[in-house]
Amino acid sequence: MPRYDDVVFARPDLSQVIDDAQANRRMFDSCSRDRSGKIISSLRTWARRAVLEEAARYTAELTGSPIDLPADLDEQLLFITGHQPALYHPGVWIKNLLIGKAAQQMAGLSLNLIVDNDLVSSTAIKVPQGTRSNPYFSEVSFDQSIKKKPWEETTIQNEELFRTFADRVDETLQVWPELPAPLLRNIWPTAVAHMQKSDRLADCLAAARHMQEQSWGIENLELPISRMCQTGPFLWFACYLFKNARSFRSTHNEVLDEYRKINRVRSKTHPVPELSESDSWIESPFWIWRTGETRRHQLFVKRDQEQVQLSNGTDIIASLPMGENCDLSAAIEVLKQLPEQGIRLRTRALTTTLFARLFLGDLFVHGIGGAKYDEMTDRIFTRFFHLTPPRYLTLSATRFLPFSQPFDVQHCDETCLQRILRDLDFNSDRHLTTEQLQEAAPLVERKQALIHAQQAAEKHDDSVAQTERRRLNRLRFRELREVDTALSGLTLPLREKINGDLELVHQQMQANAVIQSREISFVLYPEQTLRQLFDKLDFS
């Protein structure tokens, strides 16, 4: 991730964005591979239309205005990104701005997938407090704390807390009078107003963010993963993986093992856990849970003659008609009935990008964390789907909140001072003044004599017994330490100064950890600061 202020990180370079999207489009258009009776290119046409139509409906709900999709929908380039509907930092938000600008330049379309199947990690943001020399973060809540559960299951718990969020943030930021008004003042009325349409926290936050993007000329379509997972093409994708669960598990775990070896990862859960198998129940890369539950369950599948059973590890959830040589339409119809039974079938992170890259987008834009998944995804494309992996973009940025001037201090300053302190322990004579050297001349001469004696002994000690050599070495070492201790007593004032400098460096580095944090929510930034960062998105 970019460590310095006002920097955009893109791999490959932004100048390749359009070319890569067009190359991906040509590759998929020419793909004639068959998957359970359907050609990849025709699957993409079906998926894009179904998903974009659902996205148009949801975006219209956010904005209150109808969304008309172009008649030549299948011919337009589609740029996709996605993230949880949190109040994240600008380095995440920049992905939304990029896909919007790319779509504008190519007269194409852009889609932001709202990852509402992930767990809500916090209902508060960090706001800087204190002083320049001793800043710290306090939390300001936009809703009351809740037990972790998926975003799609999370409704606003305390409407008054939600309504007053912007005012409380304003009050907290008063300790930084030079900080211009935060973007939060512009967007929060939209979030509050959207409570009249939906009490889902994700919807209200998405409506506020989307409004600001629109004011900047960005017209992304929006779609929660929860709604994408109910479209026919997604259910076909899920059934295809259920039908081929054993083969997919084998490929998944194989490429996961390679990833860990290449990246020297020892964790059994990073970047994802292995897919397990027990008593012919094979784990499939999806979540499943019942409406209102706070815990997502792994999904397991098991073939039983002409059916595939689905289980959450405890109960059998559904039985899908799925013969070895039949199409998947009958199974899809069974999955379509799950929402009426209060059952949520949702994708995981890796399968989200698999579906989006394979069936939807012409270019997917990842953050740095998401790009790690696609090191695996690319190999799955090749080995499981037998396709060339489509190109993708990794994008992030760093912009420090301009509430205080950072201190001009680096980690190397700390290292330098620590080295001086160590040198004062063993080589104080190097730091003595001319007068001190005259005063300490006998000690300095004795130290040099001991060093020379040791060097001579190392060259000419063959005739000296090993026991005697060790005894003499110990004596010289002890005397040398006594001399160093005596010399270091002469540098106590310097040592005190260095310790004071080191304490100041530590204090300033701790202050900079707050002042230069890249994890501060975008809602705290002045609009002009964000615009200047986003203006760096240049495709030329």
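The values are calculated or read from the model by the stated rules, or taken from the named source; none is laboratory data. None of the values given here were measured: they were computed from a predicted structure. Cβ placement follows ideal geometry from the backbone for every residue including glycine, while neighbour counts extend to all protein chains displayed. Remember, those area values only see protein heavy atoms, side chains included, never the ligands or the DNA or RNA. Shrake-Rupley method; radii C 1.70, N 1.55, O 1.52, S 1.80 Å.
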(request) Please enumerate the residues belonging to the stretch 461-511 that are among the charged types (D, E, K, R) and closer than 16 Å to I451 by Cβ. (result) D461, R474, R476, R478, E479, R481, E482, D484
(request) Sort through L275, L310, L299 and tell me the only one that's touching a helix residue (DSSP H, G or I) at 6+ places or on another chain (Cβ under 6 Å) and either among the hydrophobic types (A, V, I, L, M, F, W, C) or crowded, with 18+ Cβ neighbours inside 10 Å (or both). (result) L275
(request) Within the stretch 113-136, track down each residue that is part of a strand (DSSP E or B) and open to solvent by 60 Å² or more (accessible area, probe 1.4 Å). (result) L119, K126, Y136
(request) Output yes when any residue across the stretch 301-310 is touching a strand residue (DSSP E or B) at 6+ places or on another chain (Cβ under 8 Å), outside any loop (DSSP other than H, G, I, E, B) and touching a residue at least 60 places away in the same chain (Cβ under 8 Å), and no when none is. (result) yes
(message) For the stretch 396-405: of the residues being outside any loop (DSSP other than H, G, I, E, B) and among the polar types (S, T, N, Q), which is surrounded by the fewest Cβ atoms within 10 Å (Cβ to Cβ)?
(response) T398
(request) State all residues of the stretch 192-251 that are of a type in the set (S, T, Y), within 22 Å of T59 (Cα to Cα) and in contact (Cβ under 8 Å) with a residue 60 or more places away in the chain; if no residue qualifies, say none. (result) S198, S226, T231
(request) Output the residues belonging to the stretch 227-257 that are within 26 Å of A102 (Cβ to Cβ) and either outside any helix (DSSP H, G or I) or among the hydroxyl-bearing types (S, T, Y) (or both). (result) C229, T231
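Here is a yes/no grid of residues against (1) under 26 Å from S42 (Cβ atoms); (2) under 25 Å from the mean Cα position of the chain (by Cα):
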site	(1), (2)
G323	yes, no
D327	yes, no
Q337	yes, no
L358	yes, yes
L387	yes, no
P390	yes, yes
F407	no, no
C412	no, no
(message) Tell me whether the stretch 37-45 contains one or more residues that are assigned to a helix (DSSP H, G or I), open to solvent by less than 60 Å² (accessible area, probe 1.4 Å), within 29 Å of L387 (Cα to Cα) and basic (K, R).
(response) yes
(request) Tell me, please, whether a residue that is in a strand (DSSP E or B) and more than 30 Å from R357 (Cβ to Cβ) can be found in the stretch 168-177. (result) no
(request) From the list T377, T388, pick out the single residue that is farther than 26 Å from R531 by Cβ and open to solvent by 10 Å² or more (accessible area, probe 1.4 Å). (result) T388
(message) Restricting to the stretch 262-272, count the residues that are exposed (fewer than 13 other Cβ atoms within 10 Å of the Cβ) and either under 18 Å from the mean Cα position of the chain (by Cα) or within 13 Å of L350 (Cα to Cα) (or both).
(response) 3
(request) From W287, W281, grab the single residue that is within 21 Å of the chain's Cα centre (by Cα) and open to solvent by 20 Å² or more (accessible area, probe 1.4 Å). (result) W287
(request) Check Y259 against each of (1) loosely packed, with under 13 Cβ neighbours inside 10 Å; (2) in contact (Cβ under 8 Å) with a residue 60 or more places away in the chain; (3) among the hydroxyl-bearing types (S, T, Y) and name the one condition it does not meet. (result) (1)
(message) Of the residues M228, M211, only one is open to solvent by less than 10 Å² (accessible area, probe 1.4 Å) and within 26 Å of the chain's Cα centre (by Cα); which?
(response) M228
(message) Checking R357 against (1) in contact with a His (Cβ under 9 Å, 6 or more places away or on another chain); (2) in contact (Cβ under 8 Å) with a residue 24 or more places away in the chain: exactly one of these is not met. Which one?
(response) (1)
(request) Would you tally the residues in the stretch 65-95 being part of a helix (DSSP H, G or I), touching a helix residue (DSSP H, G or I) at 6+ places or on another chain (Cβ under 6 Å) and in contact (Cβ under 8 Å) with a residue 40 or more places away in the chain? (result) 2
(request) For the stretch 349-362, indicate whether the set of residues that are in a loop (DSSP other than H, G, I, E, B) and surrounded by fewer than 23 Cβ atoms within 10 Å (Cβ to Cβ) is non-empty. (result) no
(message) I need the helices (runs of 4 or more DSSP H) fully contained in the stretch 406-507, keeping only those with at least 2 residues that are open to solvent by 40 Å² or more (accessible area, probe 1.4 Å) and closer than 30 Å to Y136 by Cα.
(response) 411-426
(request) Output the residue which, of all residues in the stretch 64-101 that are among the charged types (D, E, K, R) and surrounded by fewer than 24 Cβ atoms within 10 Å (Cβ to Cβ), is modelled with the highest pLDDT. (result) K101
(request) Scan the stretch 1-33 residue by residue and report those that are loosely packed, with under 13 Cβ neighbours inside 10 Å and among the basic types (K, R). (result) R3, R26, R33
